[in-house]
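Below you'll find the structure, written out as structure tokens, and then a few comments.
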Amino acid sequence: MDNRNRAEKVLRVFNNIADRYDAANNRISFGMQSSWKNLLADSIAHNSKKHDSVLDVCCGTGDIAIALNKKRKDLNIVGIDFSDSMLEIAKAKSNKKIIWKHGDAMNLPFDDNSFDAACISFGLRNTTDYERVISEMTRVVKNGGFIYCMDSFIPENILILPIYEVYFKYLMPLIGGGFLHRADYNWLYESTKEFITKADLVRLYRKFGIKKIKGRILMFGACILLQGQKLRKMHFV
């Protein structure tokens, strides 16, 4: 599947599942996705200074931005996503302080050094160019700012892997989408199977000057949170 067809498929999937996305995520993760997202929001809140600006890339229905706003009402938060259906739900769930924008994660409509932090949660693997997304997130974050990525990965534990395969390939599409929408949820398994490894993501971070990298492994490696700090040498003329 070429990048254009992949992007169109992903958009179609998320527009189709937008109205059941939150409830399905809770079923699929046995309720754990809320605690994972809360962990990400806690990390951003802890590392942010007063009145910092934070960009939530591929924000979906807005869980991260909304959780962060509840923890730190002083922060200026922008959520961006390419699915209008997901954004409509995010707007309905949130207050007016959060800014929601339609846009492409691979071509962020912001100037260089516009934000103090940027995060992407369960969205990177659904893009067509992981490197471009990390590059764009790094570009719009100020030097010294933080980059966060939380996503689904194939567990590396050989004891866990068979259980993971059975659940995510055969059971998860039915639990998430039922008989009518199970094909849409097959994509979530496919996108995770095709996704890069944690080591590959760490290499991307380093390539774009993201340092002091820390990782949190959750659910035996099925979910990983990676954070790092943009630290590039300053050049004076």
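What follows is calculated from the coordinates using simple rules that are stated; it is not laboratory data. Predicted model only: the values in this text are computed from it and were never measured. Please note: Cβ atoms are built from the backbone with ideal geometry, for glycine as well, and neighbour counts cover all protein chains shown.
Just subtract the alpha-carbon distance of Ile175 and Ile160 from 0.36 nm times their residue separation and send over the number in nm, one decimal. Each step should come with its number before you reach the end.
Working: separation 15, 0.36 × 15 = 5.40 nm, distance 1.99 nm.
Taking 0.36 nm per residue and subtracting the Cα distance, the gain is 3.4 nm.
Nothing charged except the Cβ atoms of Lys and Arg (+1) and of Asp and Glu (-1): what's the magnitude of the dipole of the chain about its Cα centre? Round to the nearest 20 debye. Could the numbers behind the result be given before it?
On the way: 36 positive and 26 negative charges, 173 e Å.
Approximately 840 debye in magnitude.
Cys58's amide H: which non-local residues (gap 5+, or another chain) put their own amide H closer than 5 Å, with H modeled 1.01 Å from N in plane and none for Pro or chain starts?
For Cys58, the qualifying residues are Ile80.
Plugging the Kirkwood radius over Cα pairs into Stokes-Einstein for the chain, at a temperature of 20 °C and a viscosity of 1.002 mPa s, what D comes out in µm²/s?
It diffuses with D of about 119 µm²/s by this estimate.
Given a Förster radius of 30 Å and the C-beta distance between Arg12 and Asp200 as r, what FRET efficiency does 1/(1 + (r/R0)^6) yield to the nearest 0.05? Before the final figure, lay out each step's value.
On the way: r = 27 Å, r/R0 = 0.90.
After rounding, the FRET efficiency stands at 0.65.
In the range 153-187, which residues have a backbone nitrogen under 17 Å from the label point lying 7 Å from Asn26's Cα in the Cα-to-Cβ direction?
Answer for the range 153-187: 175-178.
Under a straight-distance cross-link criterion of Cα-Cα below 20 Å, which aspartates and glutamates are reachable from Lys96, leaving out those fewer than 8 residues away in the same chain?
Asp52, Asp56, Asp63, Asp74, Asp81, Asp84, Glu88
Given the options Met137, Met106, Met150, which has the most mean-square fluctuation in a GNM of the chain, springs set between C-alpha atoms less than 10 angstrom apart?
Top of the fluctuation ranking is Met106.
Which is the longest run of the chain containing none of the GluC sites (Glu not before Pro) found in DSSP loop states (not H, G, I, E, B) with at most 15 other C-beta atoms within 10 Å? Let's see the in-between values first.
On the way: sites that count: Glu156, Glu194.
Here the longest run is 1-155.
Of all DSSP beta bridges located in the chain, what percent are antiparallel, nearest 5?
Of all bridge pairs located within the chain, approximately 45 percent are antiparallel.
Give me the one-decimal nm value for the distance between modelled label points at Arg139 and Arg4, 7 Å along each residue's Cα-to-Cβ direction.
2.2
Could you check the spin-label model distance between Lys97 and Arg132? Points 7 Å from the Cα along Cα→Cβ, value in nm.
3.5
Of Ile217, Pro155, Phe115, whose Cα points farthest to the positive end of the dipole of the range 115-237 (charges on the beta-carbon: +1 Lys, Arg; -1 Asp, Glu; origin at the Cα centre)?
Phe115
Under a point spin-label approximation (7 Å from Cα along Cα-to-Cβ), what is the Asn38-Leu231 distance to one decimal in nm?
3.1
Taking the highest mean first, how do the peptides 43-56, 199-212, 111-124 order by number of other beta carbon atoms within 10 angstrom per residue?
The most tightly packed comes first, giving 111-124, 43-56, 199-212.
Just to be sure I follow the rule: in the range 1-82, considering lysines 8 or more places apart or on different chains, how many pairs have Cα atoms under 14 Å apart?
Lysine pairs meeting both conditions in the range 1-82 amount to 6.
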